[in-house]
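The values are calculated or read from the model by the stated rules, or taken from the named source; none is laboratory data. Keep in mind that this is a model prediction, so the values were computed, not measured. Here Cβ is always computed from backbone atoms with ideal geometry, including for glycine, and neighbour counts include all displayed protein chains.
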Amino acid sequence: MAHEQILTEVRGRVGILTMNRPDRLNAMTRLMDQELRTQIAEWNEDDSIGAIVWTGAGRGFCSGADISGFEARVHGVAPDERPAPPEQTWIDMIKSAKPVVAAINGASIGEGLTRTLTCDVRVAAESARLSFRFLRVGVTPEVASTHYAVYLIGLGRTLELMLTGEIIMAAEAYRIGLVNHVYPDDEMLDKAVELATNIADNPTWNLGQVKRLVHQDYLEHDIDKVLADESVIFRESQGREAHREALEAFRENRPPKFH
């Protein structure tokens, strides 16, 4: 499928999504959002794709929402409504998608940061700069970031970064747990694809169930319910072909072939 504002590539079992407005530091538009959603949905139905890497073209990951839309609203001008707003939230879409690795290159500001928080893994280039910069432009955080950030980096750090709008470098983001890994700029995308490949090699059904269980139960305080949820899926997994293949591979001293 041809897109206007994103690029796509496939390496093995990994699909790579690249936001492609480098002259605007990949500022998010409604069209870009739709194209990302459309491609993720397509890969969700493609058995040859096991995981997704999401990155940006040029020297920025995403500088946030395209500010021209904000300016139009402030001046009472109807913003470009093409295409229509999505029915499903970004959070619900990522939660139900195949595993997504956010590969953060350069600026990751505002919406360009909050959209990564629900991704399964975040990696950053050494030169990446990250910020919840909403107050600096007179708005407030969104994309459920006031929820996810607390669970990733804690209440105190979340409040400090959101209340100040401070820009932090990748090394600090790694230190506080906002990103999982930091790599040299020229290695970051390859490292992200390598990580996504390791994920994609696992059984597709099992990957989806892990995501579902984690998102369903990480706020659950009733441990008996969590154990019950896990037991149902564990028993079901024992009856699936992937489990049989893993056992045969173990006995034959070879890597399992899940795909």
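For the reader, a short list of remarks on this structure follows.
- Within the range 22-72, being buried (at least 20 other Cβ atoms within 10 Å of the Cβ), without any contact (Cβ under 8 Å) to a residue 60 or more places away in the chain, under 15 Å from Val100 (Cα atoms) and of a type in the set (A, V, I, L, M) holds for one residue alone: Leu36.
- Filter pass, Val101 being among the hydrophobic types (A, V, I, L, M, F, W, C), outside any loop (DSSP other than H, G, I, E, B) and modelled with pLDDT of 95 or more: yes
- Just one of the numbered conditions (1) surrounded by fewer than 17 Cβ atoms within 10 Å (Cβ to Cβ); (2) not assigned by TED's automatic domain parsing to the domain that holds Pro99 is not true of Ile167: (2).
- Helices (runs of 4 or more DSSP H) enclosed by the range 145-259 - at least 1 residues per element that are more than 23 Å from Leu113 (Cβ to Cβ): 188-200, 204-217, 223-238, 241-251
- Residue that is in the same structural domain as Gly15 (by TED's automatic domain parsing) and not small (Gly, Ala, Ser), where the choices are Leu247, Leu213, Leu152: Leu152
- Meets criteria (at pLDDT 95 or above and in contact with a Gly (Cβ under 9 Å, 6 or more places away or on another chain)) for Gly239: no
- Residues of the range 6-38 classified as in contact with a Leu (Cβ under 7 Å, 6 or more places away or on another chain) and either assigned to a strand (DSSP E or B) or not assigned by TED's automatic domain parsing to the domain that holds Gly58 (or both), total: 4
- Verdict on Ala170 being under 30 Å from Phe134 (Cβ atoms), among the small types (Gly, Ala, Ser) and in contact (Cβ under 8 Å) with a residue 24 or more places away in the chain: yes
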